[in-house]
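**Q** Please read through the structure below; I'll follow up with questions.
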Amino acid sequence: MVDHSSVDKFKASLRGELLGPGDAGYDEARKIWNGMIDKRPALIARCAGVADVISCVNFARANNVLVAVRGGGHNIAGNAVCDGGLVIDLSRMKSVRVDPARRRARAGAVQEAGALQVGCHHRPPAGDSLAGSLPFIHQHVTSWLVGAVSGKARHYL
């Protein structure tokens, strides 16, 4: 795949972990919700923040490495992991900051809808969810950006 010195420099640039085959936690980190998917990436970057994601993208581009992005691991088709490439694992990027006065919420790349609800000034009625889904289902940043969130979100934020 890529020479060891490039991988070592890449690893040093990350705040999060960089795992490869044989490392403790590698097999667990490559698993996704669909147990029928059994792909083996060369590297798994468990990102701690945005800077890690940027480092991952730059490393992959510079070294022509196949990339898969893992959010909550619920992708049934297995696109959240790849064989022989780099998995950019966002699953640890869970944060919620709510500014009730400005009616704004900032959530990490992977978030459970219920965690966002807990931080909101106006909470939906019992049993309701900002995402119009179950509050424990992960809401990926792309879902929010492309408008996959229900119309209820505007009412409560």
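**Q** Could you list all residues from the range 19-35 that are touching a residue at least 40 places away in the same chain (Cβ under 8 Å) and either on the phi > 0 side of the Ramachandran plot or aliphatic (A, V, I, L, M) (or both)?
**A** Within the range 19-35, ALA29, ILE32 qualify.
**Q** Looking at ARG70, ARG40, can you tell me which residue is open to solvent by 30 Å² or more (accessible area, probe 1.4 Å) and touching a strand residue (DSSP E or B) at 6+ places or on another chain (Cβ under 6 Å)?
**A** Values: ARG40 fails: touching a strand residue (DSSP E or B) at 6+ places or on another chain (Cβ under 6 Å).
That would be ARG70, the only listed residue that is open to solvent by 30 Å² or more (accessible area, probe 1.4 Å) and touching a strand residue (DSSP E or B) at 6+ places or on another chain (Cβ under 6 Å).
**Q** Identify the residue in the range 83-97 that is in contact with a Leu (Cβ under 8 Å, 6 or more places away or on another chain) and within 19 Å of PHE10 (Cα to Cα) and, among all such residues, is most open to solvent (accessible area, probe 1.4 Å).
**A** GLY84
The values are calculated or read from the model by the stated rules, or taken from the named source; none is laboratory data. Since the model is a prediction, treat every value here as computed from it, not as a measurement. Reconstructed Cβ throughout: ideal geometry from the backbone, glycine too, with neighbour counts over all protein chains shown. These accessible areas exclude ligands, DNA and RNA; they are computed on the full protein's heavy atoms, side chains included. Shrake-Rupley method; radii C 1.70, N 1.55, O 1.52, S 1.80 Å.
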